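Reading through the structure tokens given below for one structure.
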Amino acid sequence: KIPLKKLIECTNMCFQLKSIFTPKVLSISVQHLVQYTPLPKLFMRTVIQTANAAPQLKGFIVQLLARLVAKKIWEDLPQWQGFLMCASKLGAYPVLLQLPTPHLQAAIQRMPDLKLKLNEFVQQDRVTASKLPRTTLQVLGVQQY
């Protein structure tokens, strides 16, 4: 078994080898890793590093985050924390609004500034807001449309 610190060092080294680990290679790698159940220990860390190393993959990563909602990412606490960090950093508000209400509430408790960002997003996009469950709007403190 490889110690976690060594795994982190190895993945960091990979991200430094930009000529080998191109955005295409990174996206293929992450696409492969997301299929594992449970997710690999450093999965969300790798996704965040991918987002930082290849900003052009933002759309791909946001789609990946939506898949993680379907996989109930909140059931794996370390991955859940990384998911929230990544979704917040990328402004993946539609993905966060897909969370079941109790998990959206937990996300807001963990990251209080998220409530304001989600609230602003919903206020600006009334079409999205009109499709949200009443319980989600209540968590955000938004009047129903």
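The values are calculated or read from the model by the stated rules, or taken from the named source; none is laboratory data. Owing to the predicted nature of the structure, the values given are computational and were not obtained by experimental measurement. Ideal geometry is used to build each Cβ from the backbone, glycine not excepted, and the neighbour counts take in all protein chains shown. All accessible areas refer to the heavy atoms of the entire protein, side chains included, with ligands and DNA or RNA removed. Shrake-Rupley method; radii C 1.70, N 1.55, O 1.52, S 1.80 Å.
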Problem - For Phe15: the one exception among (1) open to solvent by 10 Å² or more (accessible area, probe 1.4 Å); (2) of a type outside the set (D, E, K, R); (3) under 30 Å from Thr135 (Cβ atoms) - result: (3)
Exercise for the section: Give the number of residues within the range 83-97 that are under 16 Å from Glu120 (Cα atoms) and either buried (at least 17 other Cβ atoms within 10 Å of the Cβ) or among the hydroxyl-bearing types (Ser, Thr, Tyr) (or both). Expected result: 8
Handout entry: Criterion: of a type outside the set (S, T, N, Q), out of contact with any strand residue (DSSP E or B) (no Cβ under 6 Å at 6 or more places or on another chain), modelled with pLDDT under 95 and over 23 Å from Leu7 (Cα atoms) - qualifying residue of Pro102, Pro112
Key = Pro112
Practice task
Identify the single condition in (1) open to solvent by 90 Å² or more (accessible area, probe 1.4 Å); (2) closer than 23 Å to Thr37 by Cα that Arg134 does not satisfy, given that it satisfies every other one.
Solution key: (2)
Problem - Which numbered condition Val62 misses (of (1) among the β-branched types (Val, Ile, Thr); (2) part of a loop (DSSP other than H, G, I, E, B); (3) under 30 Å from Ser130 (Cβ atoms)) - result: (2)
Practice task
Of the numbered conditions (1) touching a Cys at 6+ places or on another chain (Cβ under 9 Å); (2) surrounded by 15 or more Cβ atoms within 10 Å (Cβ to Cβ); (3) among the β-branched types (Val, Ile, Thr), Val30 fails exactly one; give the number of that condition.
Solution key: (1)
Problem - Any pair with Cβ under 9 angstrom, 6 or more apart, that starts in the range 105-118 at a residue that is under 9 Å from Ser88 (Cβ atoms) and ends at one that is in a helix (DSSP H, G or I) and among the β-branched types (Val, Ile, Thr) - result: Leu114/Ile108
Practice task
Could you tell me which of the residues Leu99, Leu39 is in contact (Cβ under 8 Å) with a residue 40 or more places away in the chain, part of a loop (DSSP other than H, G, I, E, B) and of a type outside the set (Lys, Arg)?
Solution key: Leu39
